[in-house]
Amino acid sequence: MQTKINPFHYAFKVKDLAGTRAFYIDILGCKEGRSTDTWVDFDFYGHQLSAHLGKVEPLDFIGKVDGIDVPIPHFGCLLTYEQFNTLAKRLENANVEFLVKPQTRYEGKSGQQQTMFVLDFSGNPLEFKSFNDDSEIFMGSESISKKQYS
């Protein structure tokens with residue numbers, strides 16, 4: 001029996017709505033929902049993103065995961081293997097620069113996953129992941145130590 005996952009809602013700041021629509025609709029393939037002249041909602045893999053005009057904070061690479069510096073905060077989505085690879089190709093074809101190129105983390109261990117980081121056109125960092133085994137989404141790898149998250 002599969003558990004129903006509740007969609008999340010996330011509101012964030014963007015520099016402009018035209019560039020935001022170009023990134024989330026044209027590149028990521030999101031559908032546009034409601035909007036005004038100061039914000040727009042997107043269907044982000046079944047979740048609701050609300051992009052609001054505002055001052056975007058500078059990047060801060062304070063996270064370290066498996067020896068890689070990652071920006072904090074960031075958001076993203078867990079995808080199927082096929083969705084992950086399709087999205088990686090879409091990003092490459094659109095010449096979006098990867099902060100962290102598509103790669104496999106924890107290979108051969110529990111928690112094995114594909115991951116990649118990009119910036120949207122306002123500079124907001126996004127991470128996309130795909131787990132080899134969805135039952136390990138909330139289980140750590142034997143190689144992960146608490147030091148990697150501090």
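Of note:
- The trypsin sites (Lys or Arg not before Pro) of region 17-82 that DSSP puts in a loop, and whose beta carbon has at most 16 other beta carbons within 10 Å, are Lys55.
- Cut-off 14 Å between beta-carbons: net charge of the residues surrounding Asn132, Lys and Arg +1, Asp and Glu -1: -2
- Among [x] 12, 40, 32, 13, 2, 0; [y] 10, 38, 36, 14, 1; [z] 11, 41, 37, 10, 1, the entry that matches P(r) over Cα pairs in 10 Å bins from 0, in percent as calculated here: [y]
- Computed on the chain, with alpha-carbon pairs under 8 angstrom and 6+ residues apart, the relative contact order is 22 percent.
- Where Cα atoms sit under 18 Å apart: lysine pairs in the chain separated by 8 or more or lying on different chains: 11
- Counting Lys and Arg as +1 and Asp and Glu as -1 over every other residue whose Cβ lies under 13 Å from the Cβ of Ile25, the net charge comes to -2.
- Extended-chain gain in nm, criterion 0.36 nm per residue less alpha-carbon gap, Ser35 and Lys129: 31.0 nm
- Estimated FRET transfer efficiency (Ile137, His47; beta-carbon r; R0 22 Å; 0.05): 0.90
- Cα-based Rg / Dmax (Å) for region 46-110: 14.3, 43
- Subtracting the Cα-Cα distance of Glu82 and Asn95 from their residue separation scaled by 0.36 nm leaves 2.7 nm.
- Hz values of 3J(HN,Hα) by residue in region 113-121 - Karplus curve (6.51, -1.76, 1.60), Gly and Pro given as x: 8, 9, 8, 7, 10, 9, 10, 6, 6
- Surface analysis of region 1-49 yields an accessible area of 64 Å² per residue, using protein heavy atoms and a 1.4 Å probe.
- Carbon + sulfur, % of accessible area of the chain - ligands and nucleic acids excluded, 1.4 Å: 53
The values are calculated or read from the model by the stated rules, or taken from the named source; none is laboratory data. Keep in mind that what you see is a predicted model, and the values were worked out from it rather than measured. Heads up, the Cβs are rebuilt from the backbone with ideal geometry, glycines too, and the neighbour counts pull from every protein chain shown. For the accessible areas, the whole protein counts, side chains as well, though only heavy atoms, and no ligand, DNA or RNA atoms are used. Shrake-Rupley method; radii C 1.70, N 1.55, O 1.52, S 1.80 Å.
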